[in-house]
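Please read the structure below before turning to the comments.
Just so it is clear, none of the values below were taken in a lab; they were calculated from the coordinates. Keep in mind that this is a model prediction, so the values were computed, not measured. Cβ atoms come from the backbone with ideal geometry, glycine included; neighbour counts cover every protein chain shown.
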Ligand code: SF4
């Protein structure tokens, strides 16, 4: 398992650039979270690259900078997210997160 602050101290290298966090999520009343196939308008769905990566926080106020604290708190991050995997969080919640692709 990777540690979030690896030898280079580069948190961002843990991101697998899978783009899974860049799709709309829906939370139902019972707390179930569905990952949809609706991408962020700035995501290139083929390459899975953000078209505005360098200026994403400036251009898209909905884009958030993932920190270790946020990764631990956010319920909607996909279990395949590199940060969740690096922090060993993928086994903790098996219920209430579903994918609709
Ligand atoms: S889901 Fe996680 S690993 Fe994938 S792009 Fe988003 S932050 Fe990176």
*Label region 11-91 by shape, choosing from rounded, prolate and oblate, from the square roots a ≥ b ≥ c of the eigenvalues of the Cα gyration tensor; if a/c is under 1.5 it is rounded, and otherwise prolate applies when a/b is larger than b/c, oblate when it is not.*
oblate
_Linear extension gain, residue 51 paired with residue 16, 0.36 nm per residue minus alpha-carbon span_ = 11.0 nm
_Given points 7 Å out from each Cα along the Cα-Cβ axis, report the residue 32 to residue 59 separation in nanometres with one decimal._
3.6 nm
